[in-house]
Amino acid sequence: MRLVLASQGFTNPEIAKAVGEMVGKPLGEINVAIINEAYVALAGGKDKRWLIRELAQLESYLGGNIDFINLRVCSKEEVKQRLEIADIMYIVGGKQMVLPQLFKETGFDEIVKEFAKEKVVMGTSAGAIVLGKQIEEEAYWKERYGITKEEVGEKTLGLTNFNIIPHYLRGERKKWDREFYERVLERNPFTVYALTDEQAIMQEDNHISFVGGMPEIFD
C-alpha cells in the first residue's frame with residue numbers, strides 16, 4: 001500500500017522528490033490520473049484559484065501524461081482502463097463529504113484500494129482525508145463543520161490507521177488551533193496529524209514518514 005496524504009500537493013521540491021522516490025521513476029516520466037469531483041460541490045461564491053495553482057504546481061513537477069477521470073461520466077471499466085498507464089492517482093480536495101459517497105456509489109472505493117497495492121495514491125486536503133480513518137468524535141463535527149456525526153454520511157476508506165487535518169493554521173483557519181483540536185479530538189481513539197500546506201505524510205505498507213517537517217500530532 002503506497003499513499004501520500006498532503007494539504008496542497010506539490011508545494012515544494014521536497015514533496016516532489018519524495019513522491020518520485022516512492023513511484024520509482026524520474027519526475028519527468030511520471031504519468032498521473034486526476035480525480036477532481038470534490039471541488040465542484042463547493043459553494044458558487046467560493047474562489048477556486050487554489051485549484052488552478054495546485055494543478056499548475058503538479059504540472060511543473062511531473063512531465064508524463066496527465067489525465068482527468070470523471071467518475072460521474074466514465075464507467076467502472078473505462079476508469080480501470082484509463083488508470084492502467086498512470087503511476088499516480090491524484091485525488092484533489094474540495095468538499096470532503098462528497099468523495100466517500102461518490103466512491104461507494106461508483107465502486108471506485110475498491111479501485112483505489114487495488115491501485116494503491118501496486119502504484120501510488122496521492123490525496124490532497126479532502127482527497128487525503130477520504131483515504132484515512134473516519135473521525136467519529138461528535139464535538140469535532142459539530143464545532144468544526146456545524147453538522148452532526150450522522151450528517152457526515154458515508155465513511156472514509158480507512159486505508160490508514162490515522163487521518164489528517166489539512167491547511168493547519170492557514171489564514172482564516174488559525175482559530176482552529178492546537179487547543180481547539182485537543183478539545184474536540186479528546187476521545188478520538190487514533191492519531192490525527194495536522195499538516196501545513198508545505199507538509200505531507202508518506203505511507204508505504206505499515207511505515208510512515210513525514211515530508212516538510214513534523215506535523216502537529218493529536219493522539
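Some notes on this structure:
- Which labelled figure in (1) 1.11; (2) 1.25; (3) 0.96 is Cα Rg over 2.2 N^0.38 Å, once derived from the coordinates: (3)
- Solvent-free Debye scattering, log10 I(q)/I(0), computed from the Cα coordinates of region 45-153 at q = 0.09, 0.17 Å⁻¹: -0.28, -0.94
- Using C-alpha pairs under 8 Å with a sequence gap of at least 6, the mean separation divided by the residue count of the chain gives a relative contact order of 27 percent.
- The charge dipole of region 2-218, taken about its Cα centre with unit charges on the Cβ atoms of Lys, Arg (+1), Asp and Glu (-1) only, comes to about 380 debye.
- Look at the dipole of the chain built from charges on Cβ: of Gly171, Gly93, Tyr193, the Cα furthest out on the positive end belongs to Gly171.
- Exposure proxy shown here: for Asp219, Asp177, the number of other Cβ atoms within 10 Å sets the order, fewest to most, as Asp219, Asp177.
- Among His207, His167, the ranking by other beta carbons within 10 Å of each residue's beta carbon, starting with the fewest, stands as His207, His167.
- Beta-bridge orientation, the chain: approximately 40 percent antiparallel, per DSSP, counting only bridges with both partners inside.
- Among the GluC sites (Glu not before Pro) within region 173-211, those in coil by DSSP and having at most 16 neighbouring Cβ atoms inside 10 Å are Glu186, Glu198.
- Built amide H within the under 5 Å cut-off of Glu216, gap 5+: Ala194
- Which of Met22, Met89 has the fewest Cβ neighbours within 10 Å, and the rest in rising order: Met22, Met89
- Pairs from Lys48/Lys80; Lys80/Lys149; Lys46/Lys113; Lys104/Lys133; Lys119/Lys149; Lys25/Lys95 whose Cα-Cα separation, in the structure shown, is over 25 Å: Lys48/Lys80; Lys80/Lys149; Lys46/Lys113; Lys119/Lys149; Lys25/Lys95
- Between the C-alpha center of region 171-219 and that of region 1-73 there is a gap of 20 Å.
No value in this document is a laboratory result; all are computed from the given coordinates. What you are looking at is a predicted structure, and each value in this text was computed from that prediction instead of being measured. Neighbour counts run over all protein chains shown; Cβ positions are idealised from the backbone, glycine included.
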